[in-house]
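Let me begin by presenting the structure, written as structure tokens, before commenting on it.
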Amino acid sequence: MNKVNEEALYKRYAAFFRQKDLSVMESCMPWGICCGDGWLDIIDAACAVVRNHIDSVERSNAFVDECEREGTDLPYGKQEVPYFEFAQIKEKFGTLRLYYDGGDEYIAGVISMAESMSESTCEDCDLPGRIRDGGWIRTLCDACEGGE
């Protein structure tokens, strides 16, 4: 991924990319986001949904706290706020791989969906594509596969 797009993701979702500042002995994130720019929107959307989920859990917990202060009973209690950060983002066997620490079942589903979407999205330009095997397995559209 080009550095401009990579830095934009780092800035927009700073809490998810803390490992980028570790050494390569501690994490793979210092190597950067190792895939084509065509998957930028998939990664961005996954990050947005994860951030929204975490924010939603935090808001729900604040509501529970407020109700407890007021003496209002609720049929549910506080949820654990999921910790989440990426450990590595790369292309492998033609699809996007998003490795992360933390999360919950909801986040696992978001990540799985993002990885699945990459199977039909050109890694270079984000148009519809398919997995191509030409020595190196990649997901490309017809134009990018042909070098046009």
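The values are calculated or read from the model by the stated rules, or taken from the named source; none is laboratory data. Just so it is clear, the model here is predicted, and its values are computed rather than measured. We place every Cβ from the backbone using ideal geometry, glycine too, and count neighbours over all the protein chains shown.
Could you list, ordered by first residue, the pairs with Cβ atoms under 6 Å in which the first is in segment 43-72 and more than 28 Å from residue 113 (Cβ to Cβ) and the second is aliphatic (A, V, I, L, M), at least 6 apart or interchain?
Within 6 Å, the pairs are 67/74.
Can you tell me how many residues in segment 112-133 are under 15 Å from residue 91 (Cβ atoms) and in contact with a helix residue (DSSP H, G or I) (Cβ under 8 Å, 6 or more places away or on another chain)?
Looking only at that region, the number is 11.
Of the conditions (1) aliphatic (A, V, I, L, M); (2) assigned to a helix (DSSP H, G or I); (3) under 28 Å from residue 30 (Cβ atoms); (4) over 15 Å from the mean Cα position of the chain (by Cα), residue 143 clears all except one; give me its number.
(3)
Regarding residue 25, is this residue aliphatic (A, V, I, L, M), in contact with a Lys or Arg (Cβ under 6 Å, 6 or more places away or on another chain) and either modelled with pLDDT of 95 or more or loosely packed, with under 13 Cβ neighbours inside 10 Å (or both)?
no
Tell me the strands (runs of 3 or more DSSP E) entirely within segment 68-140 that contain at least 3 residues that are under 17 Å from the mean Cα position of the chain (by Cα). Working first, answer last.
Values: elements: 84-92, 95-102, 130-134, 136-140.
Once the strands (runs of 3 or more DSSP E) in segment 68-140 are filtered for at least 3 residues that are under 17 Å from the mean Cα position of the chain (by Cα), what remains is 84-92, 95-102.
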